[in-house]
Amino acid sequence: SKGTYPFFMLKEIDEQPIVMHRLVDAYTDDEGQVSIDSDLLAAMKRADRLYIVAAGTSYHAGLVGQALFEKLAKVPAEAYLASEFGYHQPLLSERPFFIFLTQSGETADIRQVLVKIKAQGFPSLTVTNVGSSTLAREADYQLLLHAGPEIAVASTKAYTAQIAAEALLAKALGEVKAIPEAAQFDVVHQLGLASTAQQALIEQKDLIHQWATDLFATTRNAFYIGRGTDYYVSLEASLKLKEISYVQAEGFAAGELKHGTIALIEKDTPLVAFISDPETAAHTRSNADEIAARGAKVLRIVTQAQAQDEDQIVIPDIDPLLAPLLSIIPAQLLAYYTSFDRGYDVDRPRNLAKSVTVE
Ligand code: M6R
């Protein structure tokens, strides 16, 4: 039940800090060490490339996963849209391993990929919130997200749970492969920090609601920018806004704006800039300034380490690989309040179903 919440989406946003702890509990042993099915890790260790296949929000979590697996486990990893992969299978590496990310475990686009790669004899893992689902049953291995039922059509806690699960898995795989970066990455500590920081951001609901009003109350379009994982967060943030508030929103790699999209910027066009990546923070900031100079209303969501006085939403510091666990929270709330204030049924947006069981 949604208890005193007006919509499940808000309840599910609020549950994210707890889900971080549940995942840590599920995938650590009594000594607090990460512990994941050793057969799964052995199968992944044999792989020369990870193919992460997903749709929608889960695909956006998969994009973040690429960086986690490459940095911590030193294995090339790439996320693919299931609906594209199914019919345009790329040339595969010699020893591929498939990771299917799916909250519901029932997405038809993913299932058709699973059927095809199984026929080719390749190993697979389904990371899902529903242990009894079709994709959980049909893959060789399963990891559960422990997010609890997600009812709202707009996915929130499954996204952060998927990123946390990928972090735990990448850490475990990196350790099995004796990768120094994995040894140094204290995932349990980092996910604890993430949980506390998410809670702190959730407690700023009123401020974020105010920003939703200022930026999006009457707009017909909106832009989100970032670089690296901040770019992937931009994609997810824009999907959240468009699916529940019907505002046309686009997420862009910040450096690409000047290659065309900047032509769309007018007076009062809302733009949200995510700035957490230390390597590119200055570049994204100057891209945002450029947009502001053309009259856009700019909201910067910035990690403490990169923050300047002018920044409106500051997120606590965390390992940059895990910044998406935090920066998505204000973006989810911006989308929620925009939809709510416009009087829409936040949990059941038009034209959409919770799980998409047709191709
Ligand atoms: O159940 P899945 O994770 O496979 O679902 C994938 C997408 O259909 C889903 O993430 C969809 O994009 C959501 N409406 C996003 O909020």
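The values are calculated or read from the model by the stated rules, or taken from the named source; none is laboratory data. In this text, all values refer to a predicted model and were calculated from it rather than measured experimentally. As a convention, Cβ positions derive from the backbone with ideal geometry for all residues, glycine included, and neighbour counts pool all protein chains shown. In case anyone asks, the SASA skips ligands and DNA or RNA and just uses the protein heavy atoms, side chains included. Shrake-Rupley method; radii C 1.70, N 1.55, O 1.52, S 1.80 Å.
Which one is nearest to the ligand (Cβ to nearest atom), of the residues in the range 32-91 that are in a strand (DSSP E or B) and either open to solvent by less than 30 Å² (accessible area, probe 1.4 Å) or free of Cβ contacts under 8 Å to residues at least 24 places away in the same chain (or both)? I'd like the intermediate steps shown before the answer.
Step one: filter the range 32-91 for residues in a strand (DSSP E or B), giving 34, 49-54, 77-81.
In the following step, the residues that additionally are either open to solvent by less than 30 Å² (accessible area, probe 1.4 Å) or free of Cβ contacts under 8 Å to residues at least 24 places away in the same chain (or both) were identified as 34, 50-54, 77, 79.
Details: Val34: 24, Leu50: 18, Tyr51: 16, Ile52: 12, Val53: 10, Ala54: 6, Ala77: 18, Ala79: 13 Å.
Result: Ala54.
Name the residues in the range 13-25 that are open to solvent by 40 Å² or more (accessible area, probe 1.4 Å) and of a type in the set (A, V, I, L, M, F, W, C), would you?
Across the range 13-25, the qualifying residue is only Ile18.
Looking only at residues that are open to solvent by less than 10 Å² (accessible area, probe 1.4 Å) and hydrophobic (A, V, I, L, M, F, W, C) in the range 96-108, which one is nearest to the ligand (Cβ to nearest atom)? First the steps, then the outcome.
Within the range 96-108, the first condition is being open to solvent by less than 10 Å² (accessible area, probe 1.4 Å), and the residues that meet it are 96-102, 105.
Next, from what is left, pick out any that are hydrophobic (A, V, I, L, M, F, W, C): 97-101.
Values: Phe97: 19, Phe98: 14, Ile99: 13, Phe100: 8, Leu101: 7 Å.
The extreme case among them is Leu101.
For the range 232-283: of the residues being acidic (Asp, Glu) and within 16 Å of the ligand (Cβ to nearest atom), which is surrounded by the fewest Cβ atoms within 10 Å (Cβ to Cβ)? Full working, then the answer.
Within the range 232-283, the first condition is being acidic (Asp, Glu), and the residues that meet it are 236, 243, 250, 256, 266, 268, 277, 279.
If we keep only those that are within 16 Å of the ligand (Cβ to nearest atom) as well, we get 236, 243, 250.
On the way: Glu236: 26, Glu243: 21, Glu250: 17.
That would be Glu250.
Are there any pairs, at least 6 apart or on different chains, whose C-beta atoms fall under 6 Å, with the first in the range 240-252 and in contact (Cβ under 8 Å) with a residue 12 or more places away in the chain and the second within 13 Å of the ligand (Cβ to nearest atom) and charged (D, E, K, R), and if so, which?
From residues that are in contact (Cβ under 8 Å) with a residue 12 or more places away in the chain, the pairs are Ala249/Lys242.
Taking into account only those residues within the range 109-131 that are within 14 Å of the ligand (Cβ to nearest atom) and part of a loop (DSSP other than H, G, I, E, B), which is farthest from Pro349 (Cα to Cα)?
Per the stated criteria, the residue is Gly131.
Considering only the range 207-221, I want to know if a residue exists there that is farther than 22 Å from Lys240 by Cβ, in a helix (DSSP H, G or I), out of contact with any Cys (no Cβ under 9 Å at 6 or more places or on another chain) and free of Cβ contacts under 8 Å to residues at least 12 places away in the same chain.
No: the range 207-221 contains no residue that is farther than 22 Å from Lys240 by Cβ, in a helix (DSSP H, G or I), out of contact with any Cys (no Cβ under 9 Å at 6 or more places or on another chain) and free of Cβ contacts under 8 Å to residues at least 12 places away in the same chain.
Just to be sure I understand, how many residues within the range 148-175 are within 11 Å of the ligand (Cβ to nearest atom) and in a loop (DSSP other than H, G, I, E, B)?
Number of matching residues: 6.
Only one of (1) buried (at least 17 other Cβ atoms within 10 Å of the Cβ); (2) of a type in the set (A, V, I, L, M, F, W, C); (3) under 17 Å from Ile225 (Cβ atoms) fails for Ala293. Which number is that?
So the condition that Ala293 fails would be (1).
Looking at the range 217-238 only, could you name the residues that are more than 11 Å from the chain's Cα centre (by Cα) and under 23 Å from Glu266 (Cβ atoms)? Outline the logic, then answer.
The first filter runs over the range 217-238 and keeps only residues more than 11 Å from the chain's Cα centre (by Cα), leaving 217-228, 238.
Hits for the range 217-238 are Ala217, Thr218, Thr219, Arg220, Asn221, Ala222, Phe223, Tyr224, Ile225, Gly226, Ser238.
Filter the range 335-359 down to residues that are of a type in the set (D, E, K, R) and more than 22 Å from Phe85 (Cα to Cα) and give me whichever is modelled with the lowest pLDDT.
If we filter the range 335-359 for residues that are of a type in the set (D, E, K, R), which is where we start, we get 341-342, 345, 347-348, 350, 354, 359.
Narrowing the set further to residues that are more than 22 Å from Phe85 (Cα to Cα) leaves 341-342, 345, 347-348, 350.
Details: Asp341: 97, Arg342: 97, Asp345: 95, Asp347: 92, Arg348: 92, Arg350: 85.
Within the range 335-359, the match that is modelled with the lowest pLDDT is Arg350.
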